Every structure is written in C-alpha cells, then in structure tokens.
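Beneath this line is the structure, given in structure tokens, with notes to follow.
The values are calculated or read from the model by the stated rules, or taken from the named source; none is laboratory data. The model shown is predicted, which means the values in this text are computed figures rather than measured ones. When we count neighbours, we look across all protein chains shown, and the Cβ atoms used for this are built from the backbone with ideal geometry, even at glycine.
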Amino acid sequence: MKPASTALANLINSGNFCSFDCYQFQTTSGLNIYLTAADFDIIDPATSITYLRGSPGSGAPRVDSKTSQSRGHWKRGLDSDTWTVAIDAQVTDPFTGAYTYPDVAGTIPWLTACRAGFFENATATVLRAYYASPPAPWGSPAARTAVGTLIIFSGIVEKVDANQVTSVFSLADYKSLMTIEMPRNVYQSSCRHQLFDSGCTLSASSFAKSGTVLNGTTKSIIIANPGAPSGSGTYTLGRIVFTSGQNNGLQQTVGAWDGGWTFWLLYQFPFTPQVGDTFTVYPGCNKTLATCTAFNNAVNFGGEPFIPDPSVTLG
C-alpha cells in the first residue's frame, strides 16, 4: 500500500480526479532534473519541488505525454519492471530560429548530454500528481500545487537513445540489480577498481592538472601543455574534462599521449574545442600492481597479480 495524505486518499476515493506524471532524474554527479508531462508546471505539496512542463525559454525539455504514460510495464514476481519515456528537446529558438540549444541538462545541451552518457547510471523516479480538476496552464502557484503525489515507479536509467529532436529513456526498476552475477568480485591479476573510486581511495583532485587548448586542436586531438602528470606518469587512459567553452562539463578518455603536448582521444567531443578553452586532465591507470605502486597506493591494489597463469595450473 502506498502512503497518501488524507486529502489525497479522499480525492482518489471520490473517483473524481485527474492525474499527471512527473519525472525526477538524479545523475551520478548529483544534479536533479524535474520534468512533467502536464501542460503546466506542477508543484509537489510534500516537497515544494516544481516539475517543469518544458515551455520555450525555460531551459527544460518537454516530456512527450502521448507515449510516456502508456509505456510503463509492470510484472509480478521478481522480474524487473520497465518504463519508457520520450523527451523532446528544442534545438532552435522558436522565435529567431537560431541554433541556440535552449534546452539543457544542467549547463549542457540536452541532446548532447544524452549522447555523451550524462545520464549513465542515473536514478529515475516517476510520480503521479493528483488534482480535483486541471488548473490553468499559467495559473498561480497555489492552483498548480497538487493535492498530493504518489510514486509509481523508481529505478535506474538503463539506456538513452537520441536523434535530432527526441531522447528516449529506458528505465528499469531496482530489481534489475539482482541480475548482477555473484560473487561480484572474482580472482584476477589486474585491479578491479576504477582509478579514484571508493576502492582505490585516491582523490582525483590531488592529481588533476589544468590545461588550455592551443592551435591545432580538433574534436579528437587536443593540443595543450598541462605539464607532466603525477602518479602513473602518463595521461594515457586518463580523462579530459572541459571547464569552459561549448564542451563545458563533458569528458572523454585519453587513448594515447605522446609525452608532450598531444592527446589522442578514444572518442571525439561533440564540438570542436576553441583556442583558450580550459580543461582538467587526470592521469591514467592500466590496473597493474606496478602502476598502483607508482601512485603509492599498492595497499589498495584490487587484484591478485601472483595467481598462476591458467596454462600453468592445468599443466
């Protein structure tokens, strides 16, 4: 049974109500995004959170109400429930036609964020807001405040598909985490941790270097001189995170570094970095004990490098 206020319970029991879906996404960086499929902003009376309808100039994309509500799929037992929601993003200003990307996720153009993995491992909550009658789209905050809300789905973002206008989010409830193979950790020679995660324990900020884009830079090759890296001594397999320019907030993995001023990326940035754009770059780790020792972190090495090779154990 879902908890509900007395006012909400009475409204639902009366049978005379209307409802609208609301969506909350929380990214791994801690950014919260609140959207609604209604034609007006919705205010949750319990939390005072405003769910945006995605009007022009608001910076919020618009939930496609025709497809989102009908795509929920609930199952009995331990099977994972799923939910699919389509979110349309403006790519041009509706008044000037300028290519300005008015709809954003934080400060990043919405569709660019979707393609760049901004919502990877994000959590998602779907709520249903209830009213005695639909308020006017431009009504007062009191009129737009729902009688109450109920959580009807919660889980994680499994996949995001994006075209030139629409992003389609595929959500799975938390039971999907039960499909993770156990035991989670297996014996292996390489480290199972990711550099700077909780298992590694190192702080990324302690190894960060700042750089500025120089001439010759492309979407996939960065020319800069941030200085020599500490720790592993190489930027290969590290990452570059832009702190200004059109790619602000986006990151890519360094596939190779020449030991000087040239960084080759595994995947290109969506926009060509401009001279003067700034970024932060972090060293890489190839997950060997020798590299972990170079970071002075061998005590937290997450592998078993002295396990005999399989060909030896079976010989």
If I go through region 18-54 residue by residue, how many of them are loosely packed, with under 15 Cβ neighbours inside 10 Å and part of a loop (DSSP other than H, G, I, E, B)?
6
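Table: residues versus (1) at pLDDT below 90; (2) assigned to a helix (DSSP H, G or I).
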| site | (1), (2) |
| --- | --- |
| Trp138 | yes, no |
| Thr149 | no, no |
| Ile156 | no, no |
| Asp161 | no, no |
| Lys175 | yes, yes |
| Met182 | yes, no |
| Val186 | yes, no |
| Cys200 | no, no |
Please specify each residue of region 114-157 satisfying the condition of being without any contact (Cβ under 8 Å) to a residue 60 or more places away in the chain and closer than 30 Å to Leu250 by Cα.
Cys114, Gly117, Ser154, Ile156
Hey, among the residues in region 268-290 that are part of a loop (DSSP other than H, G, I, E, B) and of a type in the set (Val, Ile, Thr), which one's farthest from Leu237 (Cα to Cα)?
Val275
Of the residues that sit in region 159-184 and are surrounded by fewer than 18 Cβ atoms within 10 Å (Cβ to Cβ) and of a type in the set (Asp, Glu), which one is farthest from Thr50 (Cα to Cα)?
Glu181
Could you look through region 245-304, keep only residues that are in contact with a Ser or Thr (Cβ under 8 Å, 6 or more places away or on another chain) and among the acidic types (Asp, Glu), and pick out the one that is modelled with the lowest pLDDT?
Glu304
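This table checks each residue for (1) of a type in the set (A, V, I, L, M); (2) under 20 Å from the mean Cα position of the chain (by Cα).
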position: Gly238; (1), (2): no, yes
position: Val241; (1), (2): yes, yes
position: Leu250; (1), (2): yes, yes
position: Ala256; (1), (2): yes, no
position: Pro270; (1), (2): no, yes
position: Gly303; (1), (2): no, no
Does region 68-81 include one or more residues that are at pLDDT below 85, in the same structural domain as Ile151 (by TED's automatic domain parsing) and closer than 18 Å to Ala162 by Cα?
yes
Of all residues in region 210-241, which are surrounded by 19 or more Cβ atoms within 10 Å (Cβ to Cβ) and basic (Lys, Arg)?
Arg239
Ser210 vs. criteria in a strand (DSSP E or B), polar (S, T, N, Q), at negative phi and assigned by TED's automatic domain parsing to the domain that holds Ala122:
no
Out of all the residues in region 159-182, which are of a type outside the set (Ser, Thr, Tyr), under 24 Å from Gln26 (Cβ atoms) and free of Cβ contacts under 8 Å to residues at least 60 places away in the same chain?
Lys159, Val160, Asp161, Ala162, Leu177, Ile180
Verdict on Ser190 being surrounded by 11 or more Cβ atoms within 10 Å (Cβ to Cβ) and either over 26 Å from the mean Cα position of the chain (by Cα) or of a type in the set (Asp, Glu) (or both)
yes
Residue that is at pLDDT 85 or above, surrounded by 14 or more Cβ atoms within 10 Å (Cβ to Cβ) and charged (D, E, K, R), where the choices are Arg144, Arg115, Arg128:
Arg128
